[in-house]
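The values are calculated or read from the model by the stated rules, or taken from the named source; none is laboratory data. Source: prediction; values computed, not measured. Every residue, glycine as well, gets a Cβ built from its backbone with ideal geometry; the counts of neighbours run over all protein chains shown. When the accessible area is computed, the model is the full protein with side chains, heavy atoms only, and any ligands, DNA or RNA have been set aside. Shrake-Rupley method; radii C 1.70, N 1.55, O 1.52, S 1.80 Å.
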Amino acid sequence: QVQLVESGGGLVQPGGSLRLSCAASGSIVSISFMGWYRQAPGKQREWAAGISVIGTTNYADSVKGRFTISRDNAKNTVYLQMNSLKPEDTAVYYCKARGTTGDYWGQGTQVTVSS
């Protein structure tokens with residue numbers, strides 16, 4: 001089992017920045033991939049960014065160049081640095097971990113971009 005706890009969401013003005021954190025605990029040695037997903041009101045959950053165990057990163061086109069995913073293996077934490085935020089980035093952001101026993105999700109953290 002893997003437990004994930006997100007933090008760092010909040011209200012920010014357009015053009016602003018936020019950094020989300022996802023702290024993992026439990027059977028973390030089994031994790032091969034971690035990613036950030038988001039779900040806007042009335043829309044399906046979508047993938048935003050991912051990072052492999054060796055640090056390879058990938059981004060959705062909608063966030064490429066503005067968001068940066070990183071991981072601190074010593075702290076078992078994955079981060080999502082979000083810059084140049086837009087109102088359309090407003091969503092609940094979820095952390096996901098892929099392990100040998102399945103996929104695990106955090107509870108989500110709300111990000112609201114509004115003036």
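Of everything listed in (1) in a loop (DSSP other than H, G, I, E, B); (2) more than 17 Å from residue 108 (Cα to Cα), the single unmet condition for residue 42 is (2). Evaluated against (1) more than 19 Å from residue 70 (Cα to Cα); (2) not in a strand (DSSP E or B), residue 11 falls short on exactly one condition, (2).
Quick grid of which residues meet (1) in a strand (DSSP E or B); (2) at pLDDT 95 or above; (3) out of contact with any Gly (no Cβ under 7 Å at 6 or more places or on another chain); (4) open to solvent by 60 Å² or more (accessible area, probe 1.4 Å):
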residue: 75; (1), (2), (3), (4): no, no, yes, yes
residue: 79; (1), (2), (3), (4): yes, yes, yes, no
residue: 85; (1), (2), (3), (4): no, yes, no, no
residue: 88; (1), (2), (3), (4): no, yes, yes, yes
residue: 94; (1), (2), (3), (4): yes, yes, no, no
residue: 98; (1), (2), (3), (4): yes, no, yes, yes
residue: 103; (1), (2), (3), (4): yes, no, yes, yes
residue: 107; (1), (2), (3), (4): no, yes, yes, yes
residue: 111; (1), (2), (3), (4): yes, yes, no, no
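Among the residues making up segment 57-73, those that are outside any strand (DSSP E or B), open to solvent by 50 Å² or more (accessible area, probe 1.4 Å) and at pLDDT 95 or above are 61, 62, 64, 65.
Applying the selection to segment 4-45, what residues are on the phi > 0 side of the Ramachandran plot, open to solvent by 30 Å² or more (accessible area, probe 1.4 Å) and in contact (Cβ under 8 Å) with a residue 12 or more places away in the chain? Hits for segment 4-45 are 8, 15, 26. Only residues that are in contact with a helix residue (DSSP H, G or I) (Cβ under 8 Å, 6 or more places away or on another chain) and of a type in the set (S, T, N, Q): list them for segment 63-108, please. Correct list: 76, 100, 101.
Could we say that residue 103 is of a type in the set (Asp, Glu) and more than 17 Å from residue 8 (Cβ to Cβ) here? Spelling it out, residue 103 is indeed of a type in the set (Asp, Glu) and more than 17 Å from residue 8 (Cβ to Cβ).
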